[in-house]
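Colleague: Pasting a structure here, questions to come.
The values are calculated or read from the model by the stated rules, or taken from the named source; none is laboratory data. All of these numbers come straight from a predicted model, not from anything done at the bench. Note that we place each Cβ from the backbone using ideal geometry, even for glycine, and neighbour counts take in every protein chain shown.
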Amino acid sequence: MKKLLIAFIAVALFSCSDDFLSTNPTEFVSSDRIGEIAEFDPSILDGFLTGVYATMYTPGTGGTTGHDDLGHKGMDIFTDMMSSDMVLAGLNYGWYRGVTDYTWLEDISNNRNYVPWRYYYRVIFQANAVIDALGGTDAVLESEASRWSMGQAKAMRAYGYFYLSQLLQTDYDPNEAILPIYLSVSANTPQAPMGEVMALIEDDLTEAIDYLDTFDRGGKFEVNKPVAQGLLAYAYAAQGKYAEALPLCQDIINNGGFTLVQDDEITGGFNEVTTPGWMWGANITPDIGLNLVSWWGKVDIFTYSYAWAGDPKTIDESLFNQMRPSDKRIAQWGNASYGPYVPSQKFWNPDRTIGGSSADNNTMDYIYMRVAEFHLLGAESAAKSGNEGMARTMLKNFVSTRVDDASYVDGLSGGALIGEISFQTRMELWGEGKSYLLMKRNDESRTRGSNHILLSGATIAHDEPRATFLIPQQESLNNPFITD
């Protein structure tokens, strides 16, 4: 009960102002005070960390009252639509229209353009409060408990910087000034070059991996060693450091204790955090009270909310049509009577009644990361670091769980091998927020299928400016150190 209370206080402290980034964040929480409390009772830090994690699923943590401001899973929808793999198949309510046609991204004064900035910096500042309470970024920690807390906090800080950096840069350039770096709860600072941001991400996650080596988490909502390894693998891959990403993927696969989703789980609803293939996710309970404003409400037609009522989300037609006839994932898209390309058998409310489940019962869990990602990122990393034999083996092992005959993988090399890994990643992880990262690191262009209502048939390049967020106008006004 004490941890839940502290978590509530932590979220409340960081949710009390829509424009909290425009002022000194120390007015919302005193790191010294947290440190004093933690000295009296070290378990208090667990409560504040729970508050950091709660930010990932609490509506409005991007600073708006919009029904598309959903924390981490809201950003998953944003990026899946920006990558063109997720189709906005109805415009009755208009949520996500400006992400799908990029008009929100191009308008620096639009409040939706501000959502990722505020959400990820909110996570960063909360993580910094915990880091400061433990003595700061460079603190030397003696106790195991303090190392576990620091490891989680640094991993979450890195998480915030990584995702935000990917959304604000068109193409990887280590010299481009990109984001202000805050190593503590402090006043405004200038933008740092991308290389410096990535160096911080690497340092934070490397230390987190070390600190969390003996950490036995209480639930999958917490970051543990494999999750930190997964985040670091993504950070390395985004920089083209595939030789460094590969062993992390291999260690997750071999030692993480997770199994691939397969057989009945492929069409099992993806709604339960205890699924063995899930590495990181949130157990959504009735007291959280997501109701209409949830990822499930946006994507699942069996949930009483927007997807059922007029704004369905579907898979890009051209991506769907690339699947082989024996691909088990074809079944994820279910009966055509539900509407073409609707994920009615991948993501579903156990109620299984179209629009029938009360919003009060919207308690399906949130998925953040699963082990399939690293079978595929591992194959990609092997191919791009010059080991195509290993890449084929990793890819074939994965594909054999999805199609009847995976022998075609044996003949792939070069661009064809990379292309197949990319397709498998897009298909496997549809709706899970990973396609935009893939598009960026593979320098891909995406041509929208005919089932897109907006920009149908348009080709979107990975480095197209309109498909990248801009620094919000209000942030530029509030921080005199920001130059563009």
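Colleague: Do any helices (runs of 4 or more DSSP H) entirely within the stretch 284-371 hold 1 or more residues that are at pLDDT 95 or above, and if so, which?
Modeller: Details: elements: 295-299, 306-309, 317-320.
Answer list for the stretch 284-371: 295-299, 317-320.
Colleague: When the residues of the stretch 310-354 are filtered to those that are among the hydroxyl-bearing types (Ser, Thr, Tyr) and under 26 Å from the mean Cα position of the chain (by Cα), which remaining residue is nearest to THR275 (Cα to Cα)? Let's see the steps before the verdict.
Modeller: Quick first cut of the stretch 310-354, residues among the hydroxyl-bearing types (Ser, Thr, Tyr) only: 314, 318, 326, 337-338, 341, 344, 353.
Keeping just the survivors that are under 26 Å from the mean Cα position of the chain (by Cα) gives 314, 318, 341, 344.
Working: THR314: 24, SER318: 30, TYR341: 25, SER344: 19 Å.
Within the stretch 310-354, the match that is nearest to THR275 (Cα to Cα) is SER344.
Colleague: Consider the stretch 371-384. How many of its residues are small (Gly, Ala, Ser) and farther than 27 Å from ASN224 by Cα? Outline the logic, then answer.
Modeller: Our first condition is that a residue be small (Gly, Ala, Ser); within the stretch 371-384, this holds for 372, 378-379, 381-383.
Subsequent filtering for residues that are farther than 27 Å from ASN224 by Cα retains 383.
So the count comes out to 1.
Colleague: Scan the stretch 236-262 residue by residue and report those that are surrounded by fewer than 22 Cβ atoms within 10 Å (Cβ to Cβ) and among the aromatic types (Phe, Trp, Tyr).
Modeller: PHE258
Colleague: Counting only residues that are outside any loop (DSSP other than H, G, I, E, B) and touching a Lys or Arg at 6+ places or on another chain (Cβ under 7 Å), which one in the stretch 108-142 is nearest to TYR161 (Cα to Cα)? Give the steps one after another, and end with the answer.
Modeller: Within the stretch 108-142, the first condition is being outside any loop (DSSP other than H, G, I, E, B), and the residues that meet it are 111-133.
Subsequent filtering for residues that are touching a Lys or Arg at 6+ places or on another chain (Cβ under 7 Å) retains 124, 127-128, 131.
Working: ILE124: 7, ALA127: 11, ASN128: 12, ILE131: 15 Å.
Among those residues, the one meeting the criterion is ILE124.
Colleague: Confirm whether PHE162 is under 30 Å from ALA467 (Cα atoms) and of a type outside the set (Ser, Thr, Tyr). Reasoning before the result, please.
Modeller: Working: under 30 Å from ALA467 (Cα atoms): yes; of a type outside the set (Ser, Thr, Tyr): yes.
Yes.
Colleague: So, one more: Take ALA199 and tell me if it is farther than 20 Å from ALA243 by Cα, out of contact with any Pro (no Cβ under 6 Å at 6 or more places or on another chain) and of a type outside the set (S, T, N, Q). Spell out the reasoning first.
Modeller: Working: farther than 20 Å from ALA243 by Cα: no; out of contact with any Pro (no Cβ under 6 Å at 6 or more places or on another chain): yes; of a type outside the set (S, T, N, Q): yes.
Here the answer is no, as ALA199 does not meet what is asked.
Colleague: Looking at the stretch 58-85, I want the residues that are without any contact (Cβ under 8 Å) to a residue 24 or more places away in the chain and among the β-branched types (Val, Ile, Thr) and have a partner that is in a loop (DSSP other than H, G, I, E, B) and surrounded by 24 or more Cβ atoms within 10 Å (Cβ to Cβ) with Cβ atoms under 9 Å, at least 6 apart or on another chain. Which pairs are those?
Modeller: Note: no pairs meet the criteria.
Colleague: Here's something else I'd like to know. Is the stretch 139-150 home to any residue that is surrounded by fewer than 19 Cβ atoms within 10 Å (Cβ to Cβ) and of a type in the set (D, E, K, R)?
Modeller: Yes; the residues of the stretch 139-150 include at least one that is surrounded by fewer than 19 Cβ atoms within 10 Å (Cβ to Cβ) and of a type in the set (D, E, K, R).
Colleague: Related question: Please pick out the residue among LYS396, LYS440 that is assigned to a helix (DSSP H, G or I) and buried (at least 18 other Cβ atoms within 10 Å of the Cβ).
Modeller: Going through LYS396, LYS440 in turn, just one is assigned to a helix (DSSP H, G or I) and buried (at least 18 other Cβ atoms within 10 Å of the Cβ): LYS440.
Colleague: Let me ask something else. Within the stretch 203-239, take every residue that is aliphatic (A, V, I, L, M) and either more than 20 Å from the chain's Cα centre (by Cα) or not in a helix (DSSP H, G or I) (or both) and give me the one that is farthest from SER146 (Cα to Cα). Working first, answer last.
Modeller: Taking the stretch 203-239 and keeping what is aliphatic (A, V, I, L, M), we get 205, 208-209, 212, 223, 227-228, 231-233, 235, 237-238.
Next cut, either more than 20 Å from the chain's Cα centre (by Cα) or not in a helix (DSSP H, G or I) (or both) only: 212, 223.
Values: LEU212: 10, VAL223: 15 Å.
This residue is VAL223.
Colleague: Report, by residue number, each residue of the stretch 72-90 that is touching a helix residue (DSSP H, G or I) at 6+ places or on another chain (Cβ under 6 Å) and either at pLDDT below 95 or in a loop (DSSP other than H, G, I, E, B) (or both).
Modeller: SER83, ASP85
Colleague: Limited to the stretch 443-484, what total is found for residues that are touching a helix residue (DSSP H, G or I) at 6+ places or on another chain (Cβ under 6 Å) and among the hydrophobic types (A, V, I, L, M, F, W, C)?
Modeller: Qualifying residue count, the stretch 443-484: 5.
Colleague: Would it be correct to say that GLY389 is without any contact (Cβ under 8 Å) to a residue 12 or more places away in the chain and over 25 Å from ARG446 (Cβ atoms)? Spell out the reasoning first.
Modeller: Working: without any contact (Cβ under 8 Å) to a residue 12 or more places away in the chain: yes; over 25 Å from ARG446 (Cβ atoms): yes.
Judged against the criteria, GLY389 is a match.
Colleague: Of the numbered conditions (1) surrounded by 24 or more Cβ atoms within 10 Å (Cβ to Cβ); (2) part of a helix (DSSP H, G or I), LEU179 satisfies every one except a single condition; which is it?
Modeller: Condition not satisfied by LEU179: (2).
Colleague: So, one more: Checking LEU232 against (1) surrounded by fewer than 18 Cβ atoms within 10 Å (Cβ to Cβ); (2) under 27 Å from SER165 (Cβ atoms), only one condition comes out false. Which one?
Modeller: (1)
Colleague: Next up: Return the residue satisfying two criteria in turn: it lies in the stretch 461-484 and is among the small types (Gly, Ala, Ser) and surrounded by fewer than 19 Cβ atoms within 10 Å (Cβ to Cβ), and of such residues it is nearest to ALA192 (Cα to Cα).
Modeller: As a first pass, look at the stretch 461-484 and keep what is among the small types (Gly, Ala, Ser): 461, 467, 476.
This time we only want the ones that are surrounded by fewer than 19 Cβ atoms within 10 Å (Cβ to Cβ), so: 461, 476.
Working: ALA461: 26, SER476: 15 Å.
The residue in question is SER476.
Colleague: Of all residues being more than 25 Å from the chain's Cα centre (by Cα), assigned to a helix (DSSP H, G or I) and not basic (Lys, Arg) in the stretch 372-392, which is surrounded by the fewest Cβ atoms within 10 Å (Cβ to Cβ)? Just the residue, please.
Modeller: Top of the filtered list is GLY389.
Colleague: Tell me, yes or no, whether the stretch 260-271 has at least one residue that is acidic (Asp, Glu) and either farther than 19 Å from PHE398 by Cα or in contact with a Lys or Arg (Cβ under 6 Å, 6 or more places away or on another chain) (or both).
Modeller: Step one: list which residues in the stretch 260-271 are acidic (Asp, Glu), which gives 263-265.
Still in the list and also either farther than 19 Å from PHE398 by Cα or in contact with a Lys or Arg (Cβ under 6 Å, 6 or more places away or on another chain) (or both): none.
The answer is no, given that none of the residues of the stretch 260-271 is acidic (Asp, Glu) and either farther than 19 Å from PHE398 by Cα or in contact with a Lys or Arg (Cβ under 6 Å, 6 or more places away or on another chain) (or both).
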